[in-house]
1. What distance in nm separates the simple spin-label points at S160 and I225, each placed 7 Å from Cα in the Cβ direction?
2. So with the 1.4 Å probe, I'd like the accessible area per residue for region 191-233, rounded to whole Å².
3. Estimate the FRET efficiency between E189 and V237 by the formula 1/(1 + (r/R0)^6), using the beta-carbon distance for r and 35 Å for R0, to the nearest 0.05.
4. Full extension from T29 to K65: what is 0.36 nm times the residue separation minus their Cα-Cα distance, to one decimal in nm?
5. Past 21 Å, Cα to Cα, is the threshold; run K20/K140; K106/K150; K106/K147; K20/K132; K25/K65 against it and keep the listed order.
Amino acid sequence: MAAPVFNFNVGVLGHIDSGKTSLAKALSTVASTACFDKNPQSKERGITLDLGFSSFVVPMPDQLKTAGSEMQITLVDCPGHASLIKTIIGGAQIIDLMMLVIDITKGMQTQTAECLVIGEILCDHMIVILNKTDLLPSGKKQQSIEKITKKIQNTLRAMSFENVPVVSVAARPGGADALDSETAEGIGELIETLRRHAYMPCRDSAGDFVFAVDHCFSIRGQGTIITGTVLHGCVSVNGSIEIPALQETRKMAAPRSYRLLISLRITFTRMS
């Protein structure tokens with residue numbers, strides 16, 4: 001069984017069609033059953049309708065060396081459509097840091113402002129991502145980046161996110177019709193920025209086990225699978241869990257985190 005690792009939850013929020021899912025895909029090395037718009041309705045409509053979860057592992061930053069040698073970053077890809085605001089809020093409640101994704105060709109939009117308000121209430125740490133830089137005219141690219149960076153920083157100065165880092169990327173160069181073989185730009189700088197701004201969140205593994213379920217499905221031969229985020233407490237293999245909605249108590253069999261069988265899971269980590 002895999003030993004518990006230090007997990008850091010990063011929310012990916014922003015206006016619809018700002019490239020959030022493309023950014024999550026460019027960063028991630030491990031995908032969950034709910035990520036990258038696998039939902040048939042998401043594919044049909046071309047937008048994110050549900051929370052998506054994926055992850056990647058980086059060397060532990062110097063400020064967190066006491067927590068181990070590696071840090072797992074779990075990305076929570078939130079919808080951008082205004083009608084899905086409840087889902088966005090649900091995703092923001094389980095994150096340690098927010099990545100606000102902005103389409104640099106359009107700047108601040110309606111849902112961008114809404115995500116800022118949500119972040120100000122639920123999250124104290126943020127990184128701004130200027131996406132789709134590949135669509136800027138090459139001769140004015142740096143000038144455009146500096147201009148919108150200054151505008152964003154002026155907007156954030158009146159909020160609790162003053163002096164946040166701003167990183168420019170092209171998560172999917174060429175747009176939706178581009179080949180998957182196209183290499184994303186700026187991802188290395190973004191990962192280093194995430195490492196520098198990671199911190200030790202308050203985790204409480206004492207008390208009752210509380211698990212926020214986001215998906216439930218069946219797998220033949222394995223039974224019912226539930227996935228979600230541990231909000232409080234911890235659980236071990238064959239530990240009993242209570243399902244209040246069903247008024248039932250069941251055994252936790254073979255808990256996993258991104259396909260790895262684990263013996264224990266602690267607060268705010270992803271588990272099935």
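The values are calculated or read from the model by the stated rules, or taken from the named source; none is laboratory data. Bear in mind that the values here come from a model prediction, so they are computed numbers and not experimental data. Note: ideal-geometry Cβ built from the backbone for every residue, glycine included; neighbour counts use all protein chains shown. The area values use the complete protein model at the heavy-atom level, side chains included, leaving out ligands, DNA and RNA. Shrake-Rupley method; radii C 1.70, N 1.55, O 1.52, S 1.80 Å.
1. Each label point lies 7 Å from its Cα, and together they span 3.6 nm.
2. Using a 1.4 Å probe on heavy atoms only, each residue of region 191-233 averages 61 Å².
3. Rounded to the nearest 0.05, the efficiency is 0.30.
4. 10.7 nm
5. K20/K140; K25/K65
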